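The values are calculated or read from the model by the stated rules, or taken from the named source; none is laboratory data. Given the structure is predicted, the values throughout are model-derived calculations rather than measurements. Positions of Cβ are backbone-derived with ideal geometry, glycine not excepted, and every protein chain shown enters the neighbour counts. For accessibility, only protein heavy atoms count, side chains too; no ligands or nucleic acids. Shrake-Rupley method; radii C 1.70, N 1.55, O 1.52, S 1.80 Å.
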Amino acid sequence: MSFSVTFIQRFFSNYQAISKFYIAFSGGLDSTVLLHTMHATELPIHAVYVNHHLQKENDDWQHHCGQQCERWNIPFTVLHAEIKQQPRQSLEELARNARYELLTGLLGLNDALVTAHHQDDVAETILLQLLRGAGPQGLAGMPECKQLKMGLLLRPLLTISRKQINDYASEHHLDWIEDPSNQDNHFDRNFLRNDVIPKLCSRWPSAQQSIARSAQLHAEVSNCLNELADIDLQQASTEQTKILNIAALQVLSRERLSNVLRYWIRAHQMRVPSRKILQHVIKDIVEKQEIETSPMQSWKEGEIRRYQNQLYLLQPLSPHDPYQEICWKIDQPLYIESLGRTLMPEELNAMVLPTEVKELMVRFRQGGERLKPIGQKQHRSLKKLLNDAEVPPWMRDRIPLLYHGDVLISVLGYWNTAQVCENTA
């Protein structure tokens, strides 16, 4: 397949509704060729350089990119990443995540982010995923088009080899940056690119094309598995998307159960846990017929809990001090850090508060609390009310309790009492 501006025009003819194309422009060979070809098509493009401030040359590369865009009369923006490496964290992954967060933050509903990933990148990615023990989802490689929260991510060069890109750059006398870190085989991708893939290609000249074809087949398998998971998820769904019906899950084989759980977790933009953790979820939480406690399995990005006949997907709960007391000026929002939640004045609309009440105290369950909910004849213990309402145990100590003086007048979001009116009448 020959690579030319015509190839790019043909690719982008499918995206005529896009208002602006933001090109991730590093100044390297690949993104320089991408920028040059897209500029020749007269598409509405905007180049963006992300300065990671990780190498002494970063500012020089930023200057080079700015000059190149000025020469070609292309709008140019610089974004600055702040990267703080923690122990046992990959610097490559941190930089990539920071870069994509900044780039996707530019997008509007009808915009697209365009990157210069090509066929060689696909081969490297597939080999990395294979060595990590990935399944069909990981081995599917990179899609040419991906829907983001806002706009699209487009990769027009996935069928184009690095050699074709290099030939184009030489033919058009383009200037680009050579990043010396690309020769550092300490990084896994560089080791594959510089040592492993050349040896594979010396033995099997079409290795990269074969790997790309295998990725396409895995993408087809992954799509089929997702369709099956969607069917299973609908059978187990409840009114809340992060809660599933255990009984509907228990009729599935372990393979289908693993598939639907992965799909469910990914659907909520959370990283899927390891296979070992997922097997613990299946064996110790889902498949158990009778459970008296509320078992939980956590990983860095999330946790899965069970209560009665329902399975809950949660963000990791932040540390919470149930002994804290907070004064709430009820005409203003109140953010409670340990809950990650803001209490809004509108939440009090269902309560009948005397006009002189300007503040309430926010406390949390200690045990022994009692109240008489509106419409009920007698006081009841909060513990009994929570049990009867089947409120999950891990939520009970995190429900804001509103006090007027020493009187509990509201279990916010659940029950209110008229007692504040009686006491102030």
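Descriptive notes on the structure:
- Screening the candidates T115, T104 for the property of being surrounded by 16 or more Cβ atoms within 10 Å (Cβ to Cβ), closer than 30 Å to S210 by Cβ, in contact with a strand residue (DSSP E or B) (Cβ under 8 Å, 6 or more places away or on another chain) and modelled with pLDDT of 90 or more yields one hit, T115.
- In the set (1) open to solvent by 70 Å² or more (accessible area, probe 1.4 Å); (2) modelled with pLDDT of 90 or more; (3) polar (S, T, N, Q); (4) closer than 19 Å to L29 by Cα, Q183 fails one condition alone, (2).
- Cross-chain or 6+ apart pairs with Cβ under 9 Å, the range 210-234 first and free of Cβ contacts under 8 Å to residues at least 60 places away in the same chain, then β-branched (V, I, T) and part of a helix (DSSP H, G or I): L228/V260; A229/V260; D230/V260; I231/V260; D232/V260; L233/V260
- Of the set (1) under 28 Å from H80 (Cα atoms); (2) in a helix (DSSP H, G or I); (3) within 30 Å of the chain's Cα centre (by Cα), all apply to N14 but (1).
- From the options S202, S170, residue that is open to solvent by 60 Å² or more (accessible area, probe 1.4 Å), modelled with pLDDT of 90 or more, among the polar types (S, T, N, Q) and within 19 Å of D30 (Cβ to Cβ): S170
- Of all residues in the range 1-50, those being modelled with pLDDT of 90 or more and either in contact with an Asp or Glu (Cβ under 7 Å, 6 or more places away or on another chain) or of a type in the set (F, W, Y) (or both) number 12.
- Of residues in the range 6-21 being open to solvent by 30 Å² or more (accessible area, probe 1.4 Å) and in contact with a strand residue (DSSP E or B) (Cβ under 7 Å, 6 or more places away or on another chain), the one farthest from A116 (Cα to Cα): S19
- For the range 244-268, the set of residues classified as buried (at least 16 other Cβ atoms within 10 Å of the Cβ) and basic (K, R) consists of R256, R262, listed by residue number.
- From the options L34, L43, L54, L29, residue that is touching a Leu at 6+ places or on another chain (Cβ under 9 Å) and open to solvent by 40 Å² or more (accessible area, probe 1.4 Å): L54
- Filtered by the rule that a residue be open to solvent by 50 Å² or more (accessible area, probe 1.4 Å) and either modelled with pLDDT of 90 or more or within 21 Å of E101 (Cβ to Cβ) (or both), the range 130-152 gives L130, L131, P143, E144, C145, K146, Q147, K149, M150.
- One residue stands out among those in the range 390-412 that are part of a loop (DSSP other than H, G, I, E, B) and at pLDDT below 90: the one that is surrounded by the most Cβ atoms within 10 Å (Cβ to Cβ), which is G405.
- Pairing each residue of the range 59-81 that is under 18 Å from L43 (Cβ atoms) with any residue that is among the charged types (D, E, K, R), provided the two are 6+ apart or on different chains, yields C-beta distances under 8 Å for Q68/D175; F76/E70.
- Among the residues of the range 236-243, at least one is touching a residue at least 12 places away in the same chain (Cβ under 8 Å), more than 30 Å from N97 (Cβ to Cβ) and crowded, with 18+ Cβ neighbours inside 10 Å.
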